[in-house]
Amino acid sequence: MTEATVIDLVDATKSYPGGVHALRGVDFHVGHGELVAIVGPSGSGKSTLLNLIGTLDKPTTGTVRVAGYDINTLSDAQLSALRARHLGFVFQNFHLSAGQDALDNVADGLLYAGFPLKERRDRARTALERVRLGQRLSHRPNELSGGEKQRVAIARALVGEPQLLLADEPTGALDTASGEIVMELIHELNESGTTICVITHDNEIADSLPRRIRIRDGEIVSDSRTTRGTA
Ligand code: ADP
């Protein structure tokens, strides 16, 4: 593993009670600055893998390193700190707080960073401008379109300048046009240096990304990076 590796999985498995082997020995790494799709059909193990990479769960066996930390060695409090400092999450259904405007939804992404409210709001404004929502700061989620809500969620995920953005079916709840805008934004953020993993069942989305890791029945069946001999 080099210093620039953001995700490193070595023979990671995950079994659930009842003998379900959701991941059966997964190996891959993602370097700083990559944009990767993790793609597979329903039940293939994507959510399980996302939980490991997102440090929400630990592997049954094997190693998962995120942002340089072996998650097996960290306590729950240390894992929370790792998530707050180094990871940003985007979900299919946005997970915005209905009672707050866009600015405060994004400012909440810095709750654990220890900044005073004014600083959080200043940074939130900059993040919303970055996703071209500078005109929607005081709109609440019910006053925004689906695509706008997802862009607010992306701003919230990015406001703490995480090492890694994890996007779980980010266009799954959007119409085609809004989905395309969100994917363009994901490309743009990656071009400016953010490492991004998009988890999807949608082959069309996956095929639009530079690297595809295909998973089926808990195993990686192909990784387009191996064609360059670097994975
Ligand atoms: P995907 O996200 O690709 O749909 P999942 O990771 O959710 O796949 O599921 C992979 C396999 O693990 C499936 O067979 C699923 O039923 C099983 N599974 C997922 N979560 C649990 C759980 N908490 N307990 C038992 N089995 C689970």
GNM of the chain, Cα pairs under 10 angstrom: of T176, T61, T200, the biggest fluctuation goes to T176
Estimated vicinal HN-Hα couplings, Hz - the stretch 113-124 in sequence order (Karplus 6.51, -1.76, 1.60; Gly, Pro = x) | 8, x, 7, x, 3, 4, 5, 4, 5, 4, 5, 5
Cross-link reach from K46 to lysines, straight Cα distance under 23 Å and at least 8 residues apart if same chain, gives K14, K58
On Cα atoms only, tilt of 76-86 relative to the major axis of the chain in degrees = 60 degrees
Which of L111, L133, L52 moves most in a GNM of the chain, Cα contacts under 10 Å?
-> L111
Helix 176-191 sits off the longest principal axis of the Cα atoms of the chain, rounded to the nearest 10 on a 0 to 90 degree scale, by 80 degrees
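With every protein chain present, what is the per residue accessible area of the stretch 5-225 (1.4 Å probe, Å²)? Walk me through the numbers before you get to the answer.
Numbers: 9960 Å² over 221 residues.
Computed with neighbouring chains in place, this is 45 Å² per residue.
So in the chain, what percent of DSSP beta bridges are antiparallel if you round to the nearest 5? Show your work: numbers first, answer last.
On the way: 20 of 38 bridges.
Of the beta bridges lying entirely in the chain, close to 55 percent run antiparallel.
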Could you state the number of Å between the C-alpha centres of the stretch 152-168 and the stretch 48-83?
-> 18 Å
With a Förster distance of 41 angstrom and the Cβ-Cβ distance between L117 and K58, calculated FRET efficiency to the nearest 0.05 equals 0.75
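For a Förster distance of 25 Å, can you work out the FRET efficiency between the beta-carbons of E143 and E188, rounded to the nearest 0.05? Let's see the in-between values first.
Working: r = 25 Å, r/R0 = 0.99.
After rounding, the FRET efficiency stands at 0.50.
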Give, as a single signed number, the net charge of other residues whose beta carbon lies under 14 Å from the beta carbon of A124, with Lys and Arg counted +1 and Asp and Glu -1.
-> +2
Once amide H atoms are placed 1.01 Å from N in the peptide plane, what residues at a sequence separation of 5 or more from R216, or on another chain, have their amide H within under 5 Å of its amide H?
-> V221
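For the stretch 5-225, give the percent of accessible area contributed by carbon and sulfur heavy atoms, probe 1.4 Å, rounded to a whole number. Before the final figure, lay out the partial values.
Numbers: 4590 of 9960 Å².
Carbon-and-sulfur percentage of accessible area, whole number: 46.
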Taking the Cα-to-Cβ direction at E161 and at Q135 and moving 7 Å from each Cα, how far apart do the two end points lie in nm?
-> 2.9 nm
Whole-Hz ³J(HN,Hα) from phi, Karplus 6.51 cos²θ - 1.76 cosθ + 1.60, for the stretch 57-71, glycine and proline x | 8, 10, x, 5, 9, x, 10, 10, 10, 10, 6, x, 9, 7, 5
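The values are calculated or read from the model by the stated rules, or taken from the named source; none is laboratory data. Worth saying up front: this structure is predicted, and the values here are computed from it rather than measured. Cβ: placed from backbone, ideal geometry, glycine included. Neighbour counts: every protein chain shown. Quick note on the areas: whole protein, heavy atoms, side chains included, nothing else; ligands and nucleic acids left out. Shrake-Rupley method; radii C 1.70, N 1.55, O 1.52, S 1.80 Å.
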